[in-house]
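The values are calculated or read from the model by the stated rules, or taken from the named source; none is laboratory data. Bear in mind that the values here come from a model prediction, so they are computed numbers and not experimental data. Here Cβ is always computed from backbone atoms with ideal geometry, including for glycine, and neighbour counts include all displayed protein chains.
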Amino acid sequence: MKLADMPTFPLAQLPTPLMPARNLSAALGGPEILIKRDDLTGLALGGNKTRKLEYLIADAQAQGATHVITVGAVQSNHCRQTAAAARLAGLNCVLVMNASSNDPDIQGNFLLDHILGAETRIVTDKSQRQPMTLQVEEELKEQGYVPYQIPGGGSNAIGAASYVAATYELMSQIIDQGSSPTRLYTTSSASGGTHAGLALGAKLAGVPYAVHGVSIERPVDQLKSIITPLANQTAEYLGLDIRLDESDVIIHGDYTGPAYGVATEECLEAIRMCARTDALLLDPVYTAKTMSGMIDHIRTGQIGSDETVIFLHTGGVPAVFADTDSIIPAMQVPGI
Ligand SMILES: Cc1ncc(COP(=O)(O)O)c(C=O)c1O
(Lines give C-alpha, C1' and ligand atoms only; values in the text may rest on other atoms or scores of the structure.)
Protein backbone atom coordinates (compact mmCIF):
# COMPACT_ATOMS: atom_id res chain seq x y z
CA MET A 1 0.00 0.00 0.00
CA LYS A 2 1.28 3.48 -0.85
CA LEU A 3 2.35 5.49 2.18
CA ALA A 4 -0.06 8.29 1.29
CA ASP A 5 -2.94 5.80 1.10
CA MET A 6 -2.37 4.22 4.52
CA PRO A 7 -5.38 4.84 6.76
CA THR A 8 -4.56 6.69 9.95
CA PHE A 9 -6.38 7.22 13.21
CA PRO A 10 -5.33 10.70 14.37
CA LEU A 11 -3.37 10.60 17.62
CA ALA A 12 -0.21 12.65 17.10
CA GLN A 13 0.64 16.32 17.30
CA LEU A 14 2.72 16.73 14.16
CA PRO A 15 5.17 17.96 13.11
CA THR A 16 7.10 17.53 16.33
CA PRO A 17 9.60 20.36 16.92
CA LEU A 18 13.19 20.16 15.68
CA MET A 19 14.94 22.23 18.34
CA PRO A 20 18.56 23.20 19.01
CA ALA A 21 20.10 22.06 22.29
CA ARG A 22 22.42 25.07 22.51
CA ASN A 23 23.59 24.66 26.09
CA LEU A 24 24.36 20.98 25.61
CA SER A 25 26.33 21.82 22.45
CA ALA A 26 28.29 24.47 24.36
CA ALA A 27 28.98 22.10 27.27
CA LEU A 28 30.40 19.56 24.83
CA GLY A 29 32.39 22.14 22.82
CA GLY A 30 30.19 21.79 19.68
CA PRO A 31 28.80 20.33 17.36
CA GLU A 32 25.37 21.83 16.75
CA ILE A 33 22.83 19.44 18.28
CA LEU A 34 19.23 19.38 17.07
CA ILE A 35 16.65 17.43 19.02
CA LYS A 36 13.74 15.93 17.09
CA ARG A 37 11.12 16.03 19.83
CA ASP A 38 9.12 12.85 19.36
CA ASP A 39 8.69 12.90 23.12
CA LEU A 40 6.15 15.63 22.26
CA THR A 41 3.98 13.56 19.91
CA GLY A 42 1.15 13.77 22.45
CA LEU A 43 -0.91 10.73 23.58
CA ALA A 44 -0.55 10.20 27.34
CA LEU A 45 2.91 11.77 27.71
CA GLY A 46 4.11 11.16 24.17
CA GLY A 47 6.85 9.08 22.59
CA ASN A 48 7.68 7.31 19.35
CA LYS A 49 4.80 4.85 19.59
CA THR A 50 2.23 7.55 18.85
CA ARG A 51 3.24 7.65 15.19
CA LYS A 52 3.10 3.86 14.85
CA LEU A 53 -0.24 3.64 16.63
CA GLU A 54 -1.86 6.07 14.20
CA TYR A 55 -1.47 3.37 11.53
CA LEU A 56 -1.92 0.32 13.76
CA ILE A 57 -5.15 1.52 15.38
CA ALA A 58 -6.55 2.42 11.95
CA ASP A 59 -5.74 -1.13 10.80
CA ALA A 60 -7.40 -2.59 13.91
CA GLN A 61 -10.52 -0.55 13.18
CA ALA A 62 -10.51 -1.63 9.52
CA GLN A 63 -10.54 -5.23 10.74
CA GLY A 64 -13.51 -4.61 13.02
CA ALA A 65 -11.53 -5.09 16.24
CA THR A 66 -13.17 -4.71 19.63
CA HIS A 67 -9.92 -5.23 21.57
CA VAL A 68 -6.22 -4.62 21.03
CA ILE A 69 -3.75 -6.91 22.76
CA THR A 70 -0.08 -6.07 23.04
CA VAL A 71 3.02 -7.12 24.95
CA GLY A 72 5.94 -5.50 26.71
CA ALA A 73 7.96 -5.22 29.88
CA VAL A 74 6.05 -3.91 32.87
CA GLN A 75 7.53 -0.43 32.34
CA SER A 76 6.81 -0.48 28.60
CA ASN A 77 6.17 2.90 27.03
CA HIS A 78 4.60 1.09 24.09
CA CYS A 79 2.02 -0.55 26.38
CA ARG A 80 1.18 2.76 28.05
CA GLN A 81 0.68 4.48 24.71
CA THR A 82 -1.32 1.56 23.29
CA ALA A 83 -3.64 1.74 26.32
CA ALA A 84 -4.13 5.46 25.65
CA ALA A 85 -4.65 5.03 21.89
CA ALA A 86 -7.23 2.30 22.50
CA ARG A 87 -9.21 4.64 24.77
CA LEU A 88 -9.32 7.34 22.11
CA ALA A 89 -10.45 4.84 19.49
CA GLY A 90 -13.11 3.32 21.76
CA LEU A 91 -11.34 -0.06 21.84
CA ASN A 92 -10.60 -2.26 24.83
CA CYS A 93 -6.97 -2.96 25.62
CA VAL A 94 -5.26 -5.97 27.18
CA LEU A 95 -1.55 -5.67 28.07
CA VAL A 96 0.49 -8.85 28.57
CA MET A 97 3.57 -7.78 30.49
CA ASN A 98 6.61 -9.47 31.95
CA ALA A 99 7.85 -8.40 35.38
CA SER A 100 10.27 -9.86 37.91
CA SER A 101 7.38 -10.63 40.28
CA ASN A 102 3.65 -11.31 39.98
CA ASP A 103 2.99 -8.15 41.92
CA PRO A 104 5.16 -5.38 40.43
CA ASP A 105 5.28 -1.87 41.91
CA ILE A 106 2.51 0.26 40.48
CA GLN A 107 4.73 3.11 39.38
CA GLY A 108 5.86 4.92 36.21
CA ASN A 109 4.30 3.54 33.03
CA PHE A 110 2.54 0.73 34.90
CA LEU A 111 0.77 3.30 37.07
CA LEU A 112 -0.38 5.10 33.92
CA ASP A 113 -1.69 1.78 32.50
CA HIS A 114 -3.83 1.50 35.64
CA ILE A 115 -5.05 5.09 35.36
CA LEU A 116 -5.96 4.45 31.72
CA GLY A 117 -7.88 1.38 32.82
CA ALA A 118 -6.12 -1.19 30.66
CA GLU A 119 -6.51 -4.84 31.60
CA THR A 120 -3.07 -6.15 32.55
CA ARG A 121 -1.85 -9.75 32.66
CA ILE A 122 1.52 -10.20 34.33
CA VAL A 123 3.89 -13.08 33.56
CA THR A 124 7.18 -13.57 35.37
CA ASP A 125 9.10 -14.86 32.37
CA LYS A 126 9.28 -13.12 29.01
CA SER A 127 8.87 -16.49 27.25
CA GLN A 128 5.37 -16.75 28.78
CA ARG A 129 4.16 -13.63 26.99
CA GLN A 130 3.31 -15.35 23.72
CA PRO A 131 1.33 -18.25 25.25
CA MET A 132 -0.50 -15.78 27.51
CA THR A 133 -1.32 -13.59 24.49
CA LEU A 134 -2.76 -16.59 22.65
CA GLN A 135 -4.78 -17.49 25.75
CA VAL A 136 -6.22 -13.96 25.97
CA GLU A 137 -7.02 -14.05 22.27
CA GLU A 138 -8.89 -17.35 22.65
CA GLU A 139 -10.80 -16.10 25.69
CA LEU A 140 -11.92 -12.99 23.82
CA LYS A 141 -12.96 -14.91 20.72
CA GLU A 142 -15.00 -17.35 22.83
CA GLN A 143 -16.88 -14.34 24.20
CA GLY A 144 -17.63 -13.12 20.67
CA TYR A 145 -15.10 -10.29 20.61
CA VAL A 146 -12.64 -9.45 17.82
CA PRO A 147 -9.07 -9.14 19.17
CA TYR A 148 -6.29 -7.44 17.17
CA GLN A 149 -2.70 -8.19 18.08
CA ILE A 150 -0.22 -5.32 18.03
CA PRO A 151 3.34 -6.70 18.09
CA GLY A 152 5.79 -5.69 20.82
CA GLY A 153 6.90 -2.10 20.27
CA GLY A 154 4.33 -1.72 17.48
CA SER A 155 7.13 -2.94 15.24
CA ASN A 156 5.81 -4.51 12.08
CA ALA A 157 5.71 -3.09 8.56
CA ILE A 158 2.63 -0.99 9.38
CA GLY A 159 4.22 0.55 12.47
CA ALA A 160 7.65 1.04 10.90
CA ALA A 161 6.07 2.84 7.94
CA SER A 162 5.34 5.71 10.33
CA TYR A 163 9.07 6.41 10.60
CA VAL A 164 9.34 6.52 6.81
CA ALA A 165 6.70 9.24 6.95
CA ALA A 166 8.57 10.89 9.85
CA THR A 167 11.68 11.07 7.66
CA TYR A 168 9.85 13.30 5.18
CA GLU A 169 8.58 15.47 8.04
CA LEU A 170 12.15 15.82 9.29
CA MET A 171 13.55 16.52 5.81
CA SER A 172 11.10 19.36 5.37
CA GLN A 173 12.25 20.87 8.70
CA ILE A 174 15.91 20.46 7.77
CA ILE A 175 15.33 22.25 4.48
CA ASP A 176 13.28 25.01 6.14
CA GLN A 177 16.00 25.53 8.77
CA GLY A 178 18.78 25.42 6.18
CA SER A 179 20.79 22.89 8.17
CA SER A 180 22.95 20.04 6.90
CA PRO A 181 23.06 17.34 9.57
CA THR A 182 25.62 14.60 9.09
CA ARG A 183 24.15 12.11 11.55
CA LEU A 184 20.88 11.19 13.22
CA TYR A 185 21.06 9.22 16.47
CA THR A 186 18.23 6.90 17.42
CA THR A 187 17.65 4.01 19.80
CA SER A 188 18.03 0.51 18.34
CA SER A 189 15.95 -2.10 20.11
CA ALA A 190 15.01 -5.70 19.48
CA SER A 191 11.63 -4.64 18.19
CA GLY A 192 13.42 -2.21 15.88
CA GLY A 193 10.55 -0.47 14.09
CA THR A 194 11.82 3.05 14.59
CA HIS A 195 15.32 2.35 13.33
CA ALA A 196 13.96 0.22 10.44
CA GLY A 197 11.61 2.99 9.32
CA LEU A 198 14.31 5.66 9.63
CA ALA A 199 16.86 3.59 7.71
CA LEU A 200 14.39 2.90 4.91
CA GLY A 201 13.22 6.51 4.89
CA ALA A 202 16.83 7.73 4.73
CA LYS A 203 17.60 5.61 1.69
CA LEU A 204 14.36 6.53 -0.01
CA ALA A 205 14.48 10.27 0.65
CA GLY A 206 18.22 10.68 0.02
CA VAL A 207 18.79 12.45 3.32
CA PRO A 208 22.09 14.23 4.11
CA TYR A 209 22.59 12.33 7.39
CA ALA A 210 23.54 8.77 8.25
CA VAL A 211 21.22 7.05 10.72
CA HIS A 212 23.20 5.87 13.76
CA GLY A 213 21.47 3.46 16.10
CA VAL A 214 22.63 2.84 19.64
CA SER A 215 21.79 -0.60 21.04
CA ILE A 216 19.92 -0.63 24.33
CA GLU A 217 19.73 -4.42 24.33
CA ARG A 218 21.32 -7.35 22.47
CA PRO A 219 24.51 -7.53 20.40
CA VAL A 220 24.77 -5.45 17.23
CA ASP A 221 24.67 -8.45 14.85
CA GLN A 222 21.42 -9.69 16.33
CA LEU A 223 19.81 -6.27 16.05
CA LYS A 224 20.94 -5.88 12.44
CA SER A 225 19.41 -9.25 11.61
CA ILE A 226 16.07 -8.01 13.00
CA ILE A 227 16.09 -4.42 11.72
CA THR A 228 17.26 -5.06 8.14
CA PRO A 229 14.48 -7.56 7.24
CA LEU A 230 11.92 -5.38 8.99
CA ALA A 231 13.00 -2.42 6.84
CA ASN A 232 12.64 -4.62 3.76
CA GLN A 233 9.21 -5.93 4.80
CA THR A 234 8.19 -2.30 5.22
CA ALA A 235 9.51 -1.45 1.74
CA GLU A 236 7.55 -4.39 0.33
CA TYR A 237 4.40 -3.39 2.21
CA LEU A 238 4.70 0.14 0.78
CA GLY A 239 5.17 -1.25 -2.75
CA LEU A 240 8.71 0.12 -3.03
CA ASP A 241 11.46 -1.51 -5.09
CA ILE A 242 14.23 -0.32 -2.81
CA ARG A 243 15.89 -2.85 -0.43
CA LEU A 244 18.44 -2.48 2.38
CA ASP A 245 21.27 -4.75 3.35
CA GLU A 246 22.97 -4.94 6.73
CA SER A 247 25.57 -2.37 5.67
CA ASP A 248 22.75 0.21 5.53
CA VAL A 249 22.04 -0.34 9.23
CA ILE A 250 24.61 1.30 11.52
CA ILE A 251 24.40 0.27 15.18
CA HIS A 252 26.77 1.01 18.06
CA GLY A 253 26.98 -1.67 20.71
CA ASP A 254 29.20 -0.10 23.36
CA TYR A 255 26.56 1.73 25.37
CA THR A 256 24.11 -1.03 26.30
CA GLY A 257 25.55 -1.80 29.72
CA PRO A 258 24.92 -5.08 31.53
CA ALA A 259 21.33 -5.56 30.36
CA TYR A 260 18.14 -4.00 29.05
CA GLY A 261 16.79 -1.53 31.58
CA VAL A 262 19.88 -1.52 33.80
CA ALA A 263 21.15 2.06 34.00
CA THR A 264 24.81 2.66 33.15
CA GLU A 265 26.93 5.39 34.72
CA GLU A 266 27.20 7.05 31.31
CA CYS A 267 23.44 7.06 30.80
CA LEU A 268 22.92 8.57 34.25
CA GLU A 269 25.44 11.27 33.31
CA ALA A 270 23.46 11.88 30.09
CA ILE A 271 20.25 12.27 32.11
CA ARG A 272 21.99 14.80 34.36
CA MET A 273 23.67 16.75 31.54
CA CYS A 274 20.61 17.03 29.30
CA ALA A 275 18.37 18.11 32.18
CA ARG A 276 20.88 20.67 33.52
CA THR A 277 21.77 22.21 30.18
CA ASP A 278 18.62 22.30 28.07
CA ALA A 279 16.00 20.98 30.52
CA LEU A 280 15.65 17.88 28.37
CA LEU A 281 14.36 14.88 30.28
CA LEU A 282 15.66 11.46 29.21
CA ASP A 283 14.85 7.97 30.47
CA PRO A 284 17.39 5.41 31.70
CA VAL A 285 16.15 2.53 29.48
CA TYR A 286 16.22 4.02 25.97
CA THR A 287 17.00 7.66 25.32
CA ALA A 288 19.75 8.21 27.89
CA LYS A 289 21.74 5.21 26.66
CA THR A 290 21.38 6.50 23.11
CA MET A 291 22.45 9.97 24.22
CA SER A 292 25.43 8.50 26.10
CA GLY A 293 26.61 7.06 22.78
CA MET A 294 26.23 10.38 21.00
CA ILE A 295 28.04 12.24 23.79
CA ASP A 296 30.91 9.73 23.62
CA HIS A 297 31.15 10.16 19.84
CA ILE A 298 31.41 13.92 20.34
CA ARG A 299 34.02 13.62 23.09
CA THR A 300 36.15 11.20 21.11
CA GLY A 301 36.05 13.35 17.98
CA GLN A 302 34.03 10.91 15.87
CA ILE A 303 31.69 13.86 15.38
CA GLY A 304 33.53 17.08 14.49
CA SER A 305 32.76 20.31 16.34
CA ASP A 306 31.70 21.92 13.04
CA GLU A 307 29.10 19.25 12.27
CA THR A 308 25.36 19.25 12.93
CA VAL A 309 23.78 16.15 14.48
CA ILE A 310 20.19 15.21 15.21
CA PHE A 311 19.10 13.26 18.27
CA LEU A 312 15.69 11.61 17.98
CA HIS A 313 14.04 11.91 21.38
CA THR A 314 11.67 8.93 21.45
CA GLY A 315 10.10 9.71 24.83
CA GLY A 316 10.03 7.26 27.73
CA VAL A 317 10.31 9.71 30.61
CA PRO A 318 7.68 7.96 32.82
CA ALA A 319 10.31 5.27 33.47
CA VAL A 320 12.32 7.68 35.64
CA PHE A 321 9.67 7.33 38.35
CA ALA A 322 10.23 3.58 38.40
CA ASP A 323 14.03 3.69 38.71
CA THR A 324 14.64 6.18 41.49
CA ASP A 325 17.17 3.86 43.19
CA SER A 326 19.59 4.37 40.30
CA ILE A 327 18.67 7.93 39.44
CA ILE A 328 18.58 9.72 42.81
CA PRO A 329 22.22 9.02 43.85
CA ALA A 330 23.48 9.98 40.39
CA MET A 331 21.75 13.37 40.65
CA GLN A 332 23.59 14.32 43.86
CA VAL A 333 26.49 15.62 41.74
CA PRO A 334 26.61 19.44 41.72
CA GLY A 335 26.72 21.25 38.34
CA ILE A 336 26.27 19.32 35.12
C1 LIG B 1 11.31 5.60 24.73
C2 LIG B 1 11.55 4.59 23.68
N3 LIG B 1 12.53 4.81 22.79
C4 LIG B 1 12.82 3.90 21.83
C5 LIG B 1 12.14 2.72 21.73
C6 LIG B 1 12.51 1.76 20.66
O7 LIG B 1 11.63 1.85 19.59
P8 LIG B 1 11.38 0.61 18.65
O9 LIG B 1 10.52 -0.35 19.41
O10 LIG B 1 10.70 1.16 17.48
O11 LIG B 1 12.71 0.03 18.33
C12 LIG B 1 11.12 2.43 22.65
C13 LIG B 1 10.41 1.15 22.58
O14 LIG B 1 9.62 0.78 23.37
C15 LIG B 1 10.82 3.40 23.64
O16 LIG B 1 9.85 3.17 24.54
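For this structure, a couple of remarks:
- Listed conditions (1) within 10 Å of the ligand (Cβ to nearest atom); (2) acidic (Asp, Glu); (3) farther than 28 Å from ASP105 by Cα are all met by ASP39, apart from (3).
- Restricting segment 192-205 to residues that are farther than 12 Å from GLU169 by Cβ and surrounded by fewer than 24 Cβ atoms within 10 Å (Cβ to Cβ), the residue that is nearest to the ligand (Cβ to nearest atom): ALA202
- Residue that is farthest from the chain's Cα centre (by Cα) [pool: residues in segment 287-325 that are within 16 Å of the ligand (Cβ to nearest atom), polar (S, T, N, Q) and assigned to a helix (DSSP H, G or I)]: SER292
- All conditions but one from (1) free of Cβ contacts under 8 Å to residues at least 60 places away in the same chain; (2) part of a strand (DSSP E or B); (3) not hydrophobic (A, V, I, L, M, F, W, C) apply to GLN149; the one that does not is (1).
- Residue among LEU140, LEU116 that is farther than 22 Å from ALA190 by Cα and in contact with a helix residue (DSSP H, G or I) (Cβ under 7 Å, 6 or more places away or on another chain): LEU116
- Boolean, ALA26 is in a helix (DSSP H, G or I) and either outside the structural domain of SER162 (by TED's automatic domain parsing) or more than 12 Å from ILE310 (Cα to Cα) (or both): yes
- For segment 210-265, taking the residues that are in a helix (DSSP H, G or I) and of a type in the set (A, V, I, L, M), the one that is nearest to SER100 (Cα to Cα) is identified as LEU223.
- For segment 1-8, the criterion of a residue being of a type outside the set (Asp, Glu), in contact with a Ser or Thr (Cβ under 8 Å, 6 or more places away or on another chain) and either modelled with pLDDT of 95 or more or not assigned by TED's automatic domain parsing to the domain that holds HIS114 (or both) is satisfied by no position.
- Selected residue (criterion: surrounded by the most Cβ atoms within 10 Å (Cβ to Cβ)) from residues of segment 65-77 that are over 14 Å from LEU111 (Cα atoms) and under 20 Å from the mean Cα position of the chain (by Cα): THR70
- Candidate set from segment 134-178 (those that are within 23 Å of ASN48 (Cα to Cα) and of a type in the set (Ser, Thr, Tyr)); member that is nearest to the ligand (Cβ to nearest atom): SER155
- Residue check for LEU45: within 16 Å of the ligand (Cβ to nearest atom) and over 30 Å from ASP241 (Cα atoms): yes
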